[in-house]
């Protein structure tokens with residue numbers, strides 16, 4: 001039975017979805033689009049806390065109609081296309097998953113951004129939950145940094161995606177991780193600017209004391225250390241500064257955060273999904289986890305965090321789910337497809353020693 005939070009759009013009281021996708025970012029949208037396009041009953045449960053929901057920086061490396069796209073606008077477009085294909089979206093905070101294929105139960109609870117308190121049922125699941133970014137602390141609180149995070153081409157996070165936007169700019173690398181992460185970001189920026197300074201925050205998420213600071217001393221970059229007291233953002237991308245507790249003022253045209261990211265895999269782990277030592281969900285190359293009927297896509301897997309990468313993994317997972325679900329006519333088919341041919345050469349798939357064996361090879 002599906003519960004409906006008061007005031008929310010109503011859905012049928014009894015409904016088993018083909019797939020529930022947890023997370024409505026680029027990976028979740030791509031998965032929803034493919035499945036809905038193939039007439040699967042799809043529900044996307046999205047808490048609305050991913051960086052893309054607040055991202056007003058320019059997206060340059062996603063192959064879309066426009067050369068440049070604002071992050072949150074691009075996300076709305078991805079969601080809109082999936083909805084137009086028939087996928088349903090719900091603002092919801094997933095707190096619990098239980099059951100097993102072919103019936104999983106997904107429970108939601110209220111959060112500071114959602115009101116939904118419901119239970120939904122699905123034959124298969126996709127975890128597209130992304131990562132949790134650790135932001136710099138201002139006055140000891142990371143939330144005080146949020147007004148400038150990914151805003152107005154003034155504060156960046158991903159060297160692979162956003163380094164070109166720093167061309168000829170004065171950049172302050174604000175580090176909340178290790179010396180290595182700070183130097184990685186700074187070195188990545190040198191192809192575009194030579195005006196780079198590093199701030200090692202003393203209340204970073206990786207203990208500051210004990211790190212090899214000699215690497216900074218031997219680097220070509222000017223650096224300093226301290227705790228941030230204030231952030232001033234008068235003209236994003238042109239004039240901004242941080243004020244340290246010591247009173248030192250660091251001025252730049254843009255900030256580049258060398259951040260720490262934690263995969264959001266806690267809910268997936270409660271049903272036995274395997275993760276690596278960093279919490280990334282482990283899958284095969286198709287996105288399938290160790291749990292039957294469960295896939296993962298996007299940044300909760302150990303992949304490069306780019307929108308194009310996320311949408312690709314989401315589409316791949318959905319393609320496999322659609323074939324996994326099949327239909328009443330497909331179950332005895334022999335698929336002439338590279339995935340099937342590759343599977344025939346793996347140890348966990350029986351070799352085609354007879355026509356009977358070959359005729360029953362299916363996608364997993």
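The values are calculated or read from the model by the stated rules, or taken from the named source; none is laboratory data. Remember, predicted model here, so these are calculated numbers, not experimental data. Glycine also receives a Cβ, built like all others from the backbone with ideal geometry; neighbour counts cover every protein chain displayed.
Residue-level check: of (1) touching a helix residue (DSSP H, G or I) at 6+ places or on another chain (Cβ under 9 Å); (2) without any contact (Cβ under 8 Å) to a residue 60 or more places away in the chain, residue 239 misses just (1).
Quick grid of which residues meet (1) in contact with a helix residue (DSSP H, G or I) (Cβ under 6 Å, 6 or more places away or on another chain); (2) outside any strand (DSSP E or B):
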{"site": "152", "(1), (2)": "no, yes"}
{"site": "164", "(1), (2)": "no, yes"}
{"site": "177", "(1), (2)": "no, yes"}
{"site": "200", "(1), (2)": "no, no"}
{"site": "203", "(1), (2)": "no, yes"}
{"site": "215", "(1), (2)": "yes, yes"}
{"site": "232", "(1), (2)": "no, no"}
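Do the conditions hold for residue 211, that is, is it assigned to a loop (DSSP other than H, G, I, E, B) and either more than 22 Å from residue 164 (Cα to Cα) or touching a strand residue (DSSP E or B) at 6+ places or on another chain (Cβ under 8 Å) (or both)? Yes; evaluated as a whole, the condition is true for this residue. Do we have residue 261 as in a helix (DSSP H, G or I) and either under 30 Å from residue 194 (Cβ atoms) or in the same structural domain as residue 304 (by TED's automatic domain parsing) (or both) here? When the stated conditions are applied, residue 261 does not pass them.
The residue that is surrounded by the fewest Cβ atoms within 10 Å (Cβ to Cβ), among those in segment 126-145 that are out of contact with any helix residue (DSSP H, G or I) (no Cβ under 6 Å at 6 or more places or on another chain) and in contact (Cβ under 8 Å) with a residue 60 or more places away in the chain, is 140.
Might you check whether a residue that is modelled with pLDDT under 95 and under 16 Å from residue 78 (Cβ atoms) occurs anywhere in segment 1-23? Scanning segment 1-23, I find no residue that is modelled with pLDDT under 95 and under 16 Å from residue 78 (Cβ atoms), so the answer is no. Residue 272 falls short on exactly one of the conditions (1) outside any loop (DSSP other than H, G, I, E, B); (2) out of contact with any helix residue (DSSP H, G or I) (no Cβ under 8 Å at 6 or more places or on another chain); (3) under 17 Å from residue 127 (Cα atoms), and that condition is (1). For segment 43-54, which residues satisfy the criterion of being buried (at least 21 other Cβ atoms within 10 Å of the Cβ) and more than 13 Å from the chain's Cα centre (by Cα)? Those that are buried (at least 21 other Cβ atoms within 10 Å of the Cβ) and more than 13 Å from the chain's Cα centre (by Cα): 43, 44, 45. Scanning segment 80-103 for residues that are within 18 Å of residue 47 (Cβ to Cβ) and either in a strand (DSSP E or B) or not assigned by TED's automatic domain parsing to the domain that holds residue 30 (or both) yields 88, 89, 90, 91, 93, 94, 95, 96, 97. Looking at the structure I just gave you, is residue 190 more than 19 Å from residue 244 (Cβ to Cβ) and surrounded by 22 or more Cβ atoms within 10 Å (Cβ to Cβ)? The answer is no for residue 190.
Residue-wise test of (1) under 18 Å from residue 155 (Cα atoms); (2) buried (at least 17 other Cβ atoms within 10 Å of the Cβ); (3) without any contact (Cβ under 8 Å) to a residue 60 or more places away in the chain; (4) not assigned by TED's automatic domain parsing to the domain that holds residue 159.
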{"residue": "173", "(1), (2), (3), (4)": "yes, yes, no, no"}
{"residue": "177", "(1), (2), (3), (4)": "yes, yes, no, no"}
{"residue": "185", "(1), (2), (3), (4)": "yes, yes, no, no"}
{"residue": "195", "(1), (2), (3), (4)": "yes, no, yes, no"}
{"residue": "199", "(1), (2), (3), (4)": "yes, yes, yes, no"}
{"residue": "206", "(1), (2), (3), (4)": "no, no, yes, no"}
{"residue": "210", "(1), (2), (3), (4)": "no, no, yes, no"}
{"residue": "230", "(1), (2), (3), (4)": "yes, no, no, no"}
{"residue": "234", "(1), (2), (3), (4)": "yes, no, yes, no"}
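In segment 117-144, the qualifying residues are those that are under 20 Å from the mean Cα position of the chain (by Cα) and more than 30 Å from residue 98 (Cβ to Cβ), and the one that is modelled with the highest pLDDT is 136. Which ones in segment 75-94 are in contact with a helix residue (DSSP H, G or I) (Cβ under 7 Å, 6 or more places away or on another chain) and surrounded by fewer than 19 Cβ atoms within 10 Å (Cβ to Cβ)? Within segment 75-94, 81, 85, 86 qualify. Which of the residues spanning segment 276-320 are free of Cβ contacts under 8 Å to residues at least 24 places away in the same chain and in a helix (DSSP H, G or I)? Scanning segment 276-320 gives a single hit, 309.
From the list 40, 123, 113, the one residue that fits, being in contact (Cβ under 8 Å) with a residue 24 or more places away in the chain, in a loop (DSSP other than H, G, I, E, B), assigned by TED's automatic domain parsing to the domain that holds residue 317 and surrounded by 16 or more Cβ atoms within 10 Å (Cβ to Cβ), is 40.
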